[in-house]
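Just so it is clear, none of the values below were taken in a lab; they were calculated from the coordinates. Here the structure is a predicted model, which is why all the values come from computation and not from measurement. Heads up, the Cβs are rebuilt from the backbone with ideal geometry, glycines too, and the neighbour counts pull from every protein chain shown.
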């Protein structure tokens, strides 16, 4: 099991590429009906634009570029905005059929955030989120700017009726696409980065919290009405763009709208759960620490972690107060245990002294002392001389 998990994480970039391509291409196709046009300009509700930007931030420049390039290519094929070039086509015709300049622009939108992630791979604080948002908008401007600049070169037939080619490319392609992509990305990317930074897959029993379930239910109910209203708006916008209400209820549009609603709801529920997790996790940690304190299993290191928690909200402040109190209580308990141990040693020594004193003062011990003294005295008395030998011979024998 450990080997399989290790292999999975070694291939996480490949998995992120494949998942990102499918998600970006599929979401682009599903929201292709939500395009309104007026003259030569258009507006597209396209939250999937956040996919290559997010994977760039999360997994690096290569993954971001591949997801942006091939994901947008897949979406263009599904939406029939791109097609395979005919045989013996020139390089320009191949680029035109595959919309390669727009695929390149989308790839750059994933590449640039990935390059930024090599320098700053953290999106926790508000300042870091704003910095990532600025990089997101810059990537959209650069990527779409290059694609729009290449459009007159790849599709010169679309610019034969005007002398100011670049001005038309700016009005027709660059400005509306940057505005549309920028708004979509500015809404979705910060949410994804916020949850990605705070995600803890190892957290067990998270949804068992009653507070989490109530918060999640509140968010879901609050978002249900906007989703319904947005779906009705998209359907109406598509009907007005098509000029026929019957076209709005075609099977393809119905499937696209249904899948969009389902995925939007799934994204909303998942996002709500992750946000609830990030909001409740400090409180859950505080509760677990209080329970450990009750069981007398909270360590000084854990108390110090609570004491040094960052943040300006009420839960962070409460955690710091609890950590300080817990550290002081644990320290006092440790000092008390040490004093009790020292006192126990003193008491044991006193007990031994008293026991020795009791033994020494008994008649039995006194009798033993007298007998031992008598034995020592007998050992010091001179022995009788042997019969028939001079006295000094007895001394030598001794």
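Quick notes on this one:
- Between residue 339 and residue 84, full extension at 0.36 nm per residue minus the direct alpha carbon distance yields a gain of 83.4 nm.
- FRET efficiency for residue 62 and residue 130, using Cβ-Cβ distance with R0 set to 22 Å, rounded to 0.05: 0.30
- FRET efficiency, residue 299 to residue 191 (Cβ-Cβ, R0 30 Å, nearest 0.05): 0.25
- The simple Förster model, with R0 at 51 Å and r as the Cβ-Cβ distance, assigns residue 141 and residue 318 a FRET efficiency of 0.70.
- Residue separation of residue 352 and residue 307 scaled by 0.36 nm, minus their Cα-Cα distance, works out to 11.6 nm of gained length.
- Zero-based 10 Å bins, Cα pair distances in region 8-198, whole percents: 10, 36, 35, 15, 4, 0
- Protection-proxy order for peptides 142-153, 315-326, 117-128, each taking the mean of Cβ atoms within 10 Å per residue, highest first: 142-153, 315-326, 117-128
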